[in-house]
Amino acid sequence: MASDVKNILIVGVGGQGIILAADVLAQVLVSTEYDVKMAEVHGMSQRGGSVNTMIRFGTKVYSPVIEKGKADYIIAFEQLEALRWSGYLKPGGTLIMNSEKIKPLPVLLGNAEYPADIVERLKQKNIDLIEVEADKLAEEAGSKKAANIVLLGCLAGFLPIGKEVWHSYIERRVPPKTIEINKKAFDIGYGLLVKAAD
Amino acid sequence: MKVLLSGNEAIAHGAHAAGVTIATGYPGTPSTEILETLSRYEEVDASWAPNEKVALEVGIGASLGGARALVTMKHVGLNVAADPLFTLAYTGVNGGIVIISADDPGMHSSQNEQDNRYYAKAAKVPMFEPSDSEEAAFLVDEAFKISENFDIPVIVRTTTRVNHSKSLVDVDIERVVKETGYEKNAKKYVMIPANAKERRRLLESKLDALAEFSEGFSGNRVEWGSRHIGFITSGISYQYVKELYPDASVLKLTMTYPLPRRLISEFIGQVDEAIVVEELDPYLEDQIKAWGLQVTGKQYIPNIGELSPDIIALGLGSKDEEVEPSGEDELPARPPVLCAGCPHRGVFYVLRRLKLIVTGDIGCYTLGVLPPLESMDTCICMGASIGNAMGIQKATGRKDVVAVIGDSTFIHSGITPLIDIVYNQGVSTVIILDNRTTAMTGQQDHPGTGTTLKGAESRELNLEKLVRAIGVESVRVADPYNLKAVKQVIKEEIEKEEPSVIIFRRACLLVEKSNAAPFAVNEKCNGCKVCLKLGCPAISWEDNKAVIEPSQCTGCEVCVQLCKKDAIVKYQ
Ligand SMILES: Cc1ncc(C[n+]2csc(CCOP(=O)(O)OP(=O)(O)O)c2C)c(N)n1
């Protein structure tokens, strides 16, 4: 039996709201009766290190980890992390990349260069690159902090799950005062793809 | 109802269902969230012990009192708790005791990757290894029954991938709490040689009974497929094998001590080739070979680091040599860093300038070994810094040796070595970095914070009084944000011909948020880079000048004290 399992990788830097976005995604997938597994690595990553969360769903999922070259989608919250993890994408896979750049310590100290050609390098790969100015769009929705939900919205456009389902899980997971902002942020992200298709 | 739970949440859930009333442990990745989850149940007395040995001893007492007790720790924690464990195997239990040993293959956040399965064998206690969250919840519940039925403590050994991966768990198990009661029984619980000799023999017969139980245990099972290859596997490796070879036969072992010898032997007899797939050491393979059975394993599967489906497929030749996607290896790394405003930073800056021998310890402050601070000479295990300093001082005759240790680590295992310095006439200086929390593992309280895991106000351990009581007469307290004071205090204390303790006290900013206004760099900056030597993530180097990102800056003013040009000023 061919496996119907889909793989989504979320990468970024500690403190960018990745865990929350991944939780909402996972809960939505669980609500649709899929088997879902999710792998996170905690620990040192809290201190500004590179962070990743892997989510796999399908009829039956065994391993919680995604292998190199197997991800259907990557959401990258940061450009350098997008490039770092791009090898995890399968040929023709989709990379949703926030245009945000966060310099790692060697760059801050002037000991290394932040690559200037990330977008070009990504464009040379056999992948579908979607750049999203998530911070700016989140500000339009009411708060820069909702950038994670803009990116989630963008991914949601690819999945066969209704917008209301996403909204209901966002409502459950974000602080009550920010529900409207986050829903709006989600809709902006969700709408991007439709626009791209025009 | 099925809910997505991490392995740790599932363990907490299973323990709750099993009627655990007492749960204790010491934080340590990847085990920490188990007790944090359990602490939310009002009916569970969940607590952070000062260290793992104390935790297990409290667990033993709770068991004697008739309660079911859960004791949690990371793999290296079991080294600390090993002493009570080995004798607990002899005494056995009253209420069930389950010990969670959370191993960290690949060392995501540990100083070694020891394989704790050997502890079960060495201490002669049964062990279970879950492969996902549902199994973790089930096994913890089962383990309590087994602990009581066989009168023995049980180890549930997990790995990072199980603790921190989420999968679906049926949460409709009902909590059953049994009656508690204490019964005096010196022959069983007082391990003088005469009693211990008897218990030792009894333990062997319990192990025989457990081996028989293991043969029929539902978690040890064969999933038949093609008989060409048969995999023998346990824990997370089972998932990887199923992912890669859905059609192969698999012997899934969940109770991995004692092992079901007949089941294994029959399985091997019915497949053309038997391969053991296990993470870290050849624990299963060696035992199976010792029985004279024909298996392979570590000749294909690495014994270093975490496994993954790719690593297994490569080892077994079902995948070709990996072609690395181009270029991504030379990207600048993103190492973990001390947070902006971290009170540890200035101390390490000064230590580096003073060119001292710095014996280090484990916590966030261990990041002081990385560039640009690079001011730590050793890091072995929790509490080791103080004994290490004493040893170096004795061997070299040098006075300029300082131990650096966090508040939680000092309470965990720094007190006895400090007694050694005092008693054996050492003169080392011990620096306690008191950031009022166990920051590394996610800001847990400890005796020095005066708040318990359940959030209750308690008595705060007074470090100054404690070290004075030990016999340290030179005790200083200073603010680590004040670089001048840091330098002066250290210089004075290392000169003294006596043991001394310096407490640098300031709360971790993840516990007490900073209200201070941020700073910025003005046009006076001449690009001398002195502020960059702090390795603060709020400061960067752009166009030959330092730049402070105001949204990152916490206003700690440590860099301000270094700037000779007065170029760092309040952000407008
Ligand atoms: C025996 C053992 N138990 C637990 C751990 C996990 N651990 C590493 S450091 C640490 C505590 C750090 O707290 P503290 O000393 O206060 O330093 P901070 O991180 O706050 O700077 C813990 C619990 C370990 N490495 N070894």
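Points worth noting:
- Projecting the Cα atoms of B:Ser39, B:Gln425, B:Ala517 onto the charge dipole of the protein assembly as shown (Cβ charges, centred on the Cα centre) puts B:Gln425 farthest toward the positive pole.
- Of the residues B:Ser133, B:Phe217, B:Phe144, the one whose Cα sits farthest towards the positive end of the charge dipole of the range B:131-222 is B:Phe144 (charges of +1 on Lys and Arg Cβ, -1 on Asp and Glu Cβ, taken about the Cα centre).
- Potential extension, B:Ala395-B:Glu330 segment - 0.36 nm per residue separation minus Cα distance: 19.2 nm
- Protein heavy-atom accessible surface, 1.4 Å probe, per residue over chain B: 40 Å².
- 25 Å Cα-Cα threshold exceeded, pairs from B:Lys53/B:Lys289; A:Lys60/A:Lys101; B:Lys53/B:Lys491; B:Lys74/B:Lys394; B:Lys252/B:Lys319; A:Lys144/B:Lys513: B:Lys53/B:Lys289; A:Lys60/A:Lys101; B:Lys53/B:Lys491; B:Lys74/B:Lys394
- Taking GluC sites (Glu not before Pro) across the range A:74-141, the ones in a DSSP loop with at most 11 further Cβ atoms lying within 10 angstrom of their Cβ are A:Glu113.
- For the range B:381-457 versus the range A:81-140, the inter-centroid distance based on Cα atoms is 42 Å.
- Taken residue by residue and averaged, Cβ atoms of other chains lying within 10 Å of the Cβ of A:49-62 number 3.
- For the range B:178-295, relative contact order (Cα pairs under 8 Å, six or more residues apart, normalised by length) works out to 25 percent.
- Taking the Cα centre of the protein assembly as shown as origin and assigning +1 to Lys and Arg Cβ atoms and -1 to Asp and Glu Cβ atoms, the resulting dipole is close to 1820 debye.
- Neighbourhood net charge (11 Å Cβ-Cβ; Lys/Arg +1, Asp/Glu -1) for A:Lys60: 0
- Placing a label point 7 Å from the Cα of B:Ile419 along the Cα-to-Cβ direction, the residues of the range B:454-483 with a backbone N closer than 12 Å are B:470-471.
- Contact surface B-A: accessible area buried, both sides summed, square angstrom, 1.4 angstrom probe: 4300 Å²
- The antiparallel fraction among DSSP beta bridges confined to the range B:389-507 stands at about 10%.
- Relative contact order for the range B:1-126: 24 percent, from Cα pairs under 8 Å spaced at least 6 residues apart, divided by residue count.
- Carbon-plus-sulfur accessible fraction, the range B:2-215 (probe radius 1.4 Å, protein heavy atoms only): 53%.
- Share antiparallel - DSSP beta bridges, chain B, percent rounded to 5: 25 percent
- Rounded to the nearest 20 debye, the dipole size of chain B about its Cα centre is 2040 debye, using +1 on the Cβ of Lys and Arg and -1 on the Cβ of Asp and Glu.
- Inter-chain neighbour count for B:477-489: the average number of beta-carbon atoms from partner chains within 10 Å of each residue's beta-carbon is 0.
- Anchor A:Lys184: aspartates and glutamates whose Cα lies under 17 Å away (excluding residues fewer than 8 positions away in-chain): A:Glu133, A:Asp135, A:Glu139, A:Glu140, A:Glu164, A:Glu171
- In summary, the aspartates and glutamates within cross-link reach of B:Lys545, defined as a Cα separation below 17 angstrom excluding same-chain residues under 8 places away, comprise A:Glu113, B:Glu523, B:Asp566.
- For the protein assembly as shown, share of DSSP beta bridges that run antiparallel, in % to the nearest 5: 35 percent
- Shape call, the range B:293-381: gyration tensor on alpha carbons, a/c limit 1.5: prolate
- Shape of the protein assembly as shown from the C-alpha gyration tensor: oblate (a/c of 1.5 or more and a/b not above b/c, with a ≥ b ≥ c the square roots of its eigenvalues).
- Filter on A:Lys6/A:Lys177; B:Lys496/B:Lys564; A:Lys103/A:Lys136; A:Lys68/A:Lys163; A:Lys6/A:Lys68 - keep pairs with C-alpha separation over 23 Å: A:Lys6/A:Lys177; B:Lys496/B:Lys564; A:Lys68/A:Lys163
- Chain A: C-alpha gyration tensor shape, a/c 1.5 cut-off, then a/b vs b/c: rounded
- Cβ-Cβ FRET estimate between B:Glu495 and B:Cys381, R0 fixed at 41 Å, reported to 0.05: 0.90
- Chain B - mean residue ellipticity at 222 nm from DSSP helices (-39,500 (n - 2.57) per run, n ≥ 4, rounded to 500): -10500 deg cm²/dmol
- Evaluated over the Cα positions of the range B:344-505, the convex hull gives a direction-averaged projected area, one quarter of its surface, of 8.7 nm².
- Kirkwood radius and radius of gyration were both taken over the C-alpha atoms of chain B, and their ratio Rg/Rh is 1.02.
- Quarter of the Cα convex hull surface for the range B:390-471, i.e. its orientation-mean projected area (nm²): 5.8 nm²
- Only protein atoms count toward the accessible area here, which uses a 1.4 Å probe; on the range B:275-392, the carbon and sulfur part of that area reaches 55 percent.
- Residue mean of other protein chain beta carbons inside 10 Å, B:300-311: 2
- Viscosity 1.306 mPa s, temperature 10 °C, Stokes-Einstein D of the range B:503-571 from Kirkwood C-alpha radius, µm²/s: 127 µm²/s
- Protein accessible area in the range A:104-198, 1.4 Å probe - carbon and sulfur %: 51 percent
- Relative packing of peptides B:559-570, B:173-184 - highest average C-beta neighbours within 10 Å first: B:559-570, B:173-184
- Each part gets one Cα centre, and for the range B:273-301 versus the range B:481-543 those centres are 53 Å apart.
- For B:Lys187, the aspartates and glutamates whose Cα comes closer than 15 Å to its Cα, not counting residues fewer than 8 places off in the same chain, are B:Asp151, B:Glu198.
The values are calculated or read from the model by the stated rules, or taken from the named source; none is laboratory data. These figures come from a predicted structure and were not determined experimentally. In this analysis, Cβ positions are derived from the backbone assuming ideal geometry, glycine residues included, and neighbour counts consider all displayed protein chains. Just the protein is used for accessible areas: all its heavy atoms, side chains included, with ligands, DNA and RNA removed. Shrake-Rupley method; radii C 1.70, N 1.55, O 1.52, S 1.80 Å.
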